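One structure below.
The values are calculated or read from the model by the stated rules, or taken from the named source; none is laboratory data. These numbers were taken from a predicted model, which means no experiment stands behind them. Every residue, glycine as well, gets a Cβ built from its backbone with ideal geometry; the counts of neighbours run over all protein chains shown. Quick note on the areas: whole protein, heavy atoms, side chains included, nothing else; ligands and nucleic acids left out. Shrake-Rupley method; radii C 1.70, N 1.55, O 1.52, S 1.80 Å.
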Amino acid sequence: MACRFPGGADTPERFWELLRDGVDATSEIPDDRGWDVGALYDPDPEAAGRIYSRRGGFLRAPVDEFDAGFFGISPREAAAMDPVQRLLLELSWEALERAAIAPRSLENTATGVYIGVSTSDYDVVQRNAGYDEVHAYRGTGTLPSVAAGRISHALGLQGPNFPVDTACSSSLLALHQ
């Protein structure tokens, strides 16, 4: 098992401590997120196009420190990858290591990957930042449907890979599968 949750819960042990101790893992919107909180915030929950809370659950995972070369991914492809895909690769590797399984030992095995994944806003974020270049990695980097296959490809797995999208129940259904 491996995880990244708000509140610094970046291991299963830390996640359990957070739950056990009843920690409020929300925080103010970090400055490095690039949101103009002053322009977006309105305390009226009915205000259209506005947020009514300055708090949220934010990961501290440094997605800009993703080691693309470790996974055989070019810098250009990595830049086009949704941070969710980057985290999934890192966490898949970490989960195997935590289980005392050498990730490369699964190469060419019938090991399956089932990922609960739903929406992706990364393409919109890229376009809003002025990144409009169309290239081969644009679709594979931003489509949730690619996430499971990316893990299978990186680890050389030959079993089924299923991205499961059932909205709020995606992770639960992926686990059930």
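Considering Pro6, Pro12, the condition of being touching a Ser or Thr at 6+ places or on another chain (Cβ under 7 Å), farther than 23 Å from Ser145 by Cα and surrounded by 13 or more Cβ atoms within 10 Å (Cβ to Cβ) is satisfied by Pro6 alone. Would a scan of the stretch 51-71 turn up a residue that is within 17 Å of Leu157 (Cα to Cα), open to solvent by less than 30 Å² (accessible area, probe 1.4 Å) and out of contact with any Asp or Glu (no Cβ under 6 Å at 6 or more places or on another chain)? Checking the stretch 51-71: not a single residue is within 17 Å of Leu157 (Cα to Cα), open to solvent by less than 30 Å² (accessible area, probe 1.4 Å) and out of contact with any Asp or Glu (no Cβ under 6 Å at 6 or more places or on another chain).
Of the candidates Leu59, Leu18, the single residue that is in contact with a strand residue (DSSP E or B) (Cβ under 8 Å, 6 or more places away or on another chain) and part of a helix (DSSP H, G or I) is Leu18. Pairs linking a residue in the stretch 83-99 that is under 19 Å from Val117 (Cα atoms) to a residue that is open to solvent by 40 Å² or more (accessible area, probe 1.4 Å) and among the charged types (D, E, K, R), with Cβ atoms under 9 Å and 6 or more positions apart or on different chains, are Pro83/Asp64; Leu87/Arg4; Glu90/Arg4; Glu90/Asp67; Leu91/Arg4.
Taking (1) at pLDDT 95 or above; (2) assigned to a helix (DSSP H, G or I) in turn, Asp44 satisfies each apart from (2).
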